[in-house]
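The values are calculated or read from the model by the stated rules, or taken from the named source; none is laboratory data. On a predicted model such as this, the values are computed, not experimentally measured, just so you know. Cβ coordinates were reconstructed from backbone atoms using ideal geometry, including for glycine residues, and neighbour counts include every protein chain displayed.
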């Protein structure tokens, strides 16, 4: 607790969860002749009569409650002591004694019993039963109670309140925090601090204008007039039931005045708006208790208990819900001028009432829609196994109320979440536990990770061994024993015991990238899912966690499971995981729902990409990607969800890359152009690099559709000699095309035209590759990107000030966007979609006017995009982004639209 927030002891200044003096200072004030309470919890703080006081367990406006030990009877009790007894006046002392007398006259299993009362050195006290459980307010702090549990608790409380009424005691402060749960989980009413024991004295110990009870739970007649009867406690029963079912009081607000205004003028929100799972009959019982007019409530607490009993037994309740006319009547009572006008003009009355009903229904639906959107956001943030399923259910219901683009975006975000369902006793075969050396091969079969015990028997090392010659490529040292391993691309995960960590290693460099904790037992299994960098970890702690090794983040967890042990087995499609219970009694399963349209891969540790060149290219299928960052060029199989090859930079200069059919091209200022052949069914190695006679010095900025030509930039000491190199991939012959400070280029679909842009000179230059002089294209500002559409009819140019579209038949342009350029921009090859990037999302646009179609949220674990590269695959089916930390996110747009179509939310 931060003392700057004011939550400190008023006397000693020590931090404490609530205001007022701390327990130790309270005893100094109340028992001035006693020594300061000892620090050891096992020793009593003070002694009252035959009671040894140990620790504070609660406090209210009038007293502090301590756990105590009653000598002689050797039982634990709760002792309530008057707060600041040395300074308490006669009225406070009388209230304190009255609470003890009120509770002492009541003997009921639903009421906390009073054992003894006394006064020690001027400090009044009384002792009562000690209930170590929570109160009902604490029980619903995280989530509301199930309907039947709430009804069962409040039925018992209502019967206890009726017992109090039968003995002429009104509680007048019923609320969840004054209802404790005993060892059996049953509720017990306590805190009769403002109870009234004489029905004839309605204002006993009540000053003029004083508000009795707790804001949010007090009945209107008690809050505004200080009057109370049995129906006042009925209101308290309803307010407490409302809290148990919704997690909040009927009225909430930042100040007491705000709450009192609501209490006087408004009705409580429908419980089913706040918690759709509340049965309608239970809502009816609760709202009848909360009627503003006491006559309209249940007349006794026993009637409340009886109706709750009928609900629990599945029988019809006696209370009837208030219909639209009843609500309109109550509304009219709070607005006399409207009622008077309605009487004077019957037609107008009917119109007003009908309008009110329609408006209320519309507001109810809109309110429900807002709640559903919030529920989807909350479910996605919880990262639980069913978070995505719950979010989608909320979005579908909200869409049924009123569709909107924002709801479509929320659906896309929910569909992007992984989910998992526990399948107990699924059965099936599992691999046998390893009996000898613990090892695992990488996906290529070229290397093995072998666990080797270090001297002393308390730690292991992992040797990365070349399969062909047995050479140890890297030694990965650990400070604990290793129990399980798995491999995906260049990433190796290892789980251990003793310190119970999951570690992620880069096997190319031998660098440890991450250490994950959170399990409470030795790791039994770590396993990558087939087709992704996501992996699960399992330990004998009843927990399954899902991680992303490439992003270094936990995605979700499932708790409350039986204890499990490895090894585990995935189905071929990566949707079902089988795992054995640690006692061998069963083989359980987990069914995973991985996003079908989303692929996310990462380098394992943040690796900044160059912000000055395009750093991402996709092959024709959209399932192979090449990226360039500040250290290496990486080749990714997005279909397999892993890195398949890595080519390091030479020195520190920029490097560029591109994919053409059957070839990966690399080019840098230090080495020049190199080619890497790509063969079906096999991934290249560093040794496959083949030098060409081009370079060093140029950067690769464009490739023709058929792969026959490359465009490379070449800067000269004299800017007049700057140029773009047109390179034939057949014989590496070069043709020089003039362009000062060249930056980007794009080939026309038929390969007869090349457009180039500059990082210093505004506009673009159009080159005919069949001959002729270059032609300037007047574009506002710099041209930092260009693309011809597949039909060749349009050319798109974009830069720091505008986006323009050119008709290639007339070479006339249309400015589509002006102003600050987005972080990233691209256009689909067919010219139907455009995409831009914000800090946390990629936006799909209609190309006619760049209106937003959909927003693709960046997964939270990825972070911000920075200055990214955006690109479509040549077939337009995949859109991908390379963000500033090196991660690649790819969306399969047809599959995404199919998922949205199932929900009725596809865009046109």
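Here are the numbers for the structure shown:
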read-out	value
Subset of the range 212-258 that is more than 35 Å from the chain's Cα centre (by Cα) and over 18 Å from residue 192 (Cβ atoms) - its residue that is modelled with the highest pLDDT	231
Count of residues meeting criterion [surrounded by fewer than 19 Cβ atoms within 10 Å (Cβ to Cβ) and in contact with a helix residue (DSSP H, G or I) (Cβ under 7 Å, 6 or more places away or on another chain)] in the range 391-420	3
Unique residue being assigned to a strand (DSSP E or B), crowded, with 16+ Cβ neighbours inside 10 Å, more than 48 Å from the chain's Cα centre (by Cα) and modelled with pLDDT of 85 or more when the list is 115, 126	115
Test for residue 518: is it in a loop (DSSP other than H, G, I, E, B), in the same structural domain as residue 494 (by TED's automatic domain parsing) and surrounded by 16 or more Cβ atoms within 10 Å (Cβ to Cβ)	no
Checking residue 192 against (1) touching a helix residue (DSSP H, G or I) at 6+ places or on another chain (Cβ under 8 Å); (2) within 20 Å of residue 129 (Cα to Cα); (3) at pLDDT 90 or above, the condition it does not meet	(3)
Filtered residues of the range 710-734 (kept if over 15 Å from residue 757 (Cα atoms), free of Cβ contacts under 8 Å to residues at least 60 places away in the same chain and surrounded by 14 or more Cβ atoms within 10 Å (Cβ to Cβ))	710, 727, 734
Check on residue 549, surrounded by 24 or more Cβ atoms within 10 Å (Cβ to Cβ), at pLDDT 90 or above and farther than 24 Å from residue 634 by Cβ	no
Conditions (1) modelled with pLDDT under 95; (2) in contact with a strand residue (DSSP E or B) (Cβ under 7 Å, 6 or more places away or on another chain); number of the one not met by residue 533	(1)
Test result for residue 504, part of a strand (DSSP E or B), touching a strand residue (DSSP E or B) at 6+ places or on another chain (Cβ under 9 Å), closer than 22 Å to residue 647 by Cα and touching a residue at least 60 places away in the same chain (Cβ under 8 Å)	yes
Residues of the range 80-92 satisfying the condition of being part of a helix (DSSP H, G or I), under 50 Å from the mean Cα position of the chain (by Cα) and surrounded by fewer than 21 Cβ atoms within 10 Å (Cβ to Cβ)	87, 92
Members of the range 761-793 found to be exposed (fewer than 15 other Cβ atoms within 10 Å of the Cβ) and closer than 12 Å to residue 746 by Cβ, listed by number	792
Given (1) surrounded by fewer than 22 Cβ atoms within 10 Å (Cβ to Cβ); (2) within 19 Å of residue 236 (Cα to Cα); (3) within 46 Å of the chain's Cα centre (by Cα), index of the condition residue 163 fails	(3)
Positions within the range 518-556 being touching a helix residue (DSSP H, G or I) at 6+ places or on another chain (Cβ under 9 Å) and closer than 14 Å to residue 504 by Cα, in sequence order	548, 551, 552, 553, 554
Which numbered condition residue 434 fails, given (1) surrounded by fewer than 18 Cβ atoms within 10 Å (Cβ to Cβ); (2) over 19 Å from residue 537 (Cβ atoms)	(2)
Of all residues making up the range 394-440, the number that are in a loop (DSSP other than H, G, I, E, B) and within 21 Å of the chain's Cα centre (by Cα)	3
Residue 758 under 45 Å from the mean Cα position of the chain (by Cα) and over 18 Å from residue 831 (Cβ atoms)	yes
Test: residue in the range 458-480 that is under 35 Å from the mean Cα position of the chain (by Cα), more than 30 Å from residue 636 (Cα to Cα) and touching a residue at least 12 places away in the same chain (Cβ under 8 Å)	yes
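Each row is one residue, and each column tells you yes or no for (1) in a helix (DSSP H, G or I); (2) touching a residue at least 60 places away in the same chain (Cβ under 8 Å); (3) under 23 Å from residue 183 (Cα atoms); (4) under 47 Å from the mean Cα position of the chain (by Cα).
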| position | (1), (2), (3), (4) |
| --- | --- |
| 95 | yes, yes, no, no |
| 99 | yes, yes, no, yes |
| 102 | yes, yes, no, no |
| 107 | no, no, yes, no |
| 131 | no, no, yes, yes |
